[in-house]
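Q: Below is a structure I'd like to ask you about.
Values in this text are rule-based calculations from the coordinates and carry no lab data. A quick note: this is a predicted structure, and the numbers were derived from the prediction, not measured. All Cβ positions, even for glycine, are placed from backbone atoms using ideal geometry, and neighbour counts span all protein chains on display.
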């Protein structure tokens, strides 16, 4: 086993990146993959609640990266999604540096099929550190002009720093029937793809049930459309041909 390292990033905040990170990790785990999700958004952690490990963590990513504990001491398996393991960000403080994060990935890759790095919004230290050791990057954006423009800036930065364009994928999140059309700020999916300049991987619909589950630390109902879209995203990431659907 030599796990693939994938970073999930966005330009602006509020795109649902951490929720998508958990959904992807859960989807991979449901397919028998062993997954480690590392949250890098120090001071604004949410993955612990979404993945159901709140109150179960003793050590966090800052403890690992500063050498206060070994990486395996900070790993907690999600009780909601078996096979998904989490290293949480600290509640406050901490800085993610490239060398310690790369060392952690090197240690963890033989133990997991996938290592997912949930970065902070923007292109600060967590983004830079994750980009240095990830083989692929998923840009999680909402279908609005600001998020798409910022996503293009992020994609360009990744390519400038050595990522090939084929290693980047776009995930459009929180999509509704009103997201596209003549009266909307964005006309259609093609405009999103053209603005960001990378291949589309998934369209995940806005979902009150998903938001409620994430806030409560509960599993997403399998019948929810967002869960189905996340399962399709997982399948495409694994190389399967799955039709793309858009909320109508």
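Q: Name the residue, out of 114, 180, 127, whose mean-square fluctuation peaks in a Gaussian network model built on the chain with Cα pairs under 10 Å.
A: With Cα springs under 10 Å in the chain, the top fluctuation among 114, 180, 127 is at 180.
Q: If you fit an axis through the alpha-carbon atoms of helix 225-237 and take the longest principal axis of the Cα set of the chain, what angle between them do you get, 0 to 90°, nearest 10?
A: 70 degrees
Q: Sticking with this structure for a sec: How many nm separate the modelled label positions at residue 245 and residue 165, each set 7 Å beyond the Cα in the direction of the Cβ?
A: 3.1 nm
Q: Also: Roughly how many nanometres apart are two label points built 7 Å out from the Cα toward the Cβ at residue 219 and residue 156?
A: Result for the modelled spin labels: 4.4 nm.
Q: Here's another thing I want to ask about it. How do 169-175, 187-193 rank on mean C-beta neighbours within 10 Å, highest first?
A: In descending order of packing, they fall as 169-175, 187-193.
Q: Kindly provide the helix-only [θ] at 222 nm of the chain, computed as the sum of -39,500 (n - 2.57) over DSSP H runs of four or more divided by all residues, to the nearest 500 deg cm²/dmol?
A: Details: 9 runs with 89 residues, N = 248.
Rounded to the nearest 500, it is -10500 deg cm²/dmol.
Q: Helix 17-30: angle to the longest alpha-carbon principal axis of the chain, degrees 0 to 90, nearest 10?
A: Around 80 degrees separate the two axes.
Q: Then there is this: Could you work out which residue, out of 137, 185, 230, moves most in a Gaussian network model of the chain, that is, has the largest mean-square fluctuation with Cα springs under 10 Å?
A: Among 137, 185, 230, the largest GNM mean-square fluctuation belongs to 185.
Q: So what's the gap between the Cα centers of region 77-128 and region 174-211, to the nearest angstrom?
A: First find each Cα centre; the distance between them is then 27 Å.
Q: Could you check which residue among 29, 215, 121 shows the biggest mean-square fluctuation in a GNM of the chain with a 10 Å Cα cutoff?
A: Comparing 29, 215, 121 in a Gaussian network model of the chain, the most mobile one is 215.
Q: Work out, step by step, the length gained on full extension between residue 70 and residue 212: first 0.36 nm times the residue separation, then minus their alpha carbon distance; give nm to one decimal.
A: 47.7 nm
Q: What's the angle, to the nearest 10 degrees (0 to 90), between helix 98-108's Cα axis and the longest principal axis of the chain?
A: Computed tilt is about 80 degrees.
Q: Taking the DSSP beta bridges in the chain as the whole, what percent of them are antiparallel, to the nearest 5?
A: Antiparallel bridges: around 5 percent, rounded to the nearest 5.
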